[in-house]
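Input: a single structure, listed below in C-alpha cells.
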Amino acid sequence: MRIDIITCLPKLLESPFSDSILKRAQEKKLVEVAIHDLRAYSLDKHKSTDDYAFGGGAGMVMGIEPIHRCISFLQSERQYDEVIYLSPDGELLTQALANQLSLKKNFILLCGHYKGVDERVREHLITREVSIGDYVLSGGELAAAVVSDAMIRLIPGVLNDESSALTDSFQDGLVAPPVYTRPAEYNGWKVPDVLLSGHEAKINEWRHEESVKRTKERRPKLL
Ligand code: 6GU
C-alpha cells in the first residue's frame with residue numbers, strides 16, 4: 001500500500017506515522033507514506049493555497065490550482081485506486097469501509113482546511129469523500145491520520161498474532177470483551193474466576209457473552 005497525503009500543514013502529520021505500529025509497518029515495507037506540502041505546488045509568489053470566496057462571506061477557500069498540480073504530479077508517477085478528500089460531510093468511516101479500502105493499493109488523501117476546497121476539486125479531481133464522524137475538526141489532517149491508521153493495521157503482516165485485527169472491536173460486529181492482567185487481585189478488586197481457570201472453551205464462551213452484553217449496552221445498532 002502507498003498513501004500520499006496532501007496538506008498545507010505537513011508538520012501535523014509527522015508524529016502519527018513516526019511511532020509504534022504505523023512506524024513498524026513502514027519499516028517492514030508493508031506501507032509507504034509520503035506527506036506533500038501543498039504550498040510547494042502554489043505558483044503564487046506568497047505560496048498561498050487559499051483565496052476569498054466568490055460571492056463573498058467569511059472564510060477562505062482552498063484553490064484548485066495547487067491541488068490540481070500536486071495530484072497531477074502524483075498521478076504521473078503511479079496509478080491511484082482512490083483520491084480521497086477528507087471532509088466532515090463525506091461518507092462516515094466505519095470498520096466496513098476501512099476493510100474495503102484496505103484491499104486497495106495506492107491512495108491520495110487530500111486534507112481540507114478553512115471553508116473547504118473549491119467545489120471543482122470535488123467534482124473533477126477526487127474519487128471519494130470520507131468523514132471520521134459528525135463533529136467538526138480544524139482540518140482534515142487528523143482525519144487523514146485516522147483513516148490511514150484504520151487501513152494500515154489491516155494489511156497482512158502489520159499486526160502480530162497477539163494483536164490480530166480479527167479480535168478488534170467491530171471486526172465481528174461486536175465490541176471487544178473486557179481484558180485483565182496481573183495481579184489477579186488488586187486493592188480487593190478481583191479478576192473474573194473463569195479467566196484464571198485455564199479452561200479455554202469456557203473462557204471463549206465467557207468472552208463472547210461479554211461481547212454480546214457490551215454490544216447490547218453500548219452499540220445496540222450493531223446487533
Ligand atoms: Cl474529514 N474533516 C474535518 N475538518 N472535520 C471532520 C472530519 C474531516 N471528519 C469529521 N470531522
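FYI, it's all coordinate maths here, none of it is from the lab. As the structure is a prediction and not an experimental result, all values here were calculated from the model. Here the Cβ is made from the backbone with ideal geometry for all residues, glycine too, and neighbour counts use every protein chain on show.
Data for the structure
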quantity: Net charge over other residues, Cβ less than 11 angstrom from the Cβ of ALA184 (K, R count +1; D, E count -1); calculated: 0
quantity: Positive dipole terminus of region 80-223, leading residue within LEU222, LEU137, PRO192 (C-beta point charges); calculated: PRO192
quantity: Peptides ranked, highest mean first, by Cβ atoms within 10 Å: ranges 72-85, 189-202; calculated: 72-85, 189-202
quantity: Of the DSSP H helices in the chain, those whose Cα atoms cover at least 18 Å axially and whose Kyte score averages -0.5 or more; calculated: 64-77
quantity: Under 5 Å, built H, 5+ apart or other chain: amide partners of ILE6; calculated: HIS36, LEU109, LEU110, CYS111
quantity: Cβ-based charge dipole, the chain, positive-most Cα from LEU86, LEU103, ALA40; calculated: LEU103
quantity: About the Cα centre, charge dipole magnitude for region 2-152 (Lys/Arg +1, Asp/Glu -1 at Cβ), debye; calculated: 480
quantity: Stretch gain in nm, segment VAL179-LEU223, where the contour uses 0.36 nm per residue and the Cα spacing is subtracted; calculated: 13.7 nm
quantity: Protection-proxy order for peptides 173-181, 151-159, each taking the mean of Cβ atoms within 10 Å per residue, highest first; calculated: 151-159, 173-181
quantity: Eligible lysines near LYS216 by straight Cα distance, threshold 22 Å, same-chain separation 8 or greater; calculated: LYS202
quantity: Charge dipole (the chain, unit charges on Cβ, about Cα centre) - positive-most of ILE71, LEU30, GLY116; calculated: LEU30
quantity: Distant-in-sequence amide H partners of MET60 (H built 1.01 Å from N, under 5 Å); calculated: LYS115
quantity: ALA176 long-range amide H proximity, modeled H, under 5 Å; calculated: SER169, PHE170
quantity: Region 78-216, dipole about Cα centre (Lys/Arg Cβ +1, Asp/Glu Cβ -1), debye to the nearest 20; calculated: 80
quantity: Centroid-to-centroid separation of region 154-212 and region 6-63 [C-alpha atoms, Å]; calculated: 38
quantity: Integer Hz, Karplus 6.51/-1.76/1.60 couplings in order for region 49-58, x for Gly and Pro; calculated: 10, 9, 7, 5, 6, 4, x, x, x, 6
quantity: For the chain, calculated [θ]222 nm from helices alone, where every DSSP H run of n ≥ 4 adds -39500 (n - 2.57); calculated: -9000 deg cm²/dmol
quantity: The chain: projected area of the alpha-carbon convex hull, averaged over directions, in nm²; calculated: 16.4
quantity: For region 17-62, size of Cβ-based charge dipole, Lys and Arg +1, Asp and Glu -1, in debye; calculated: 240
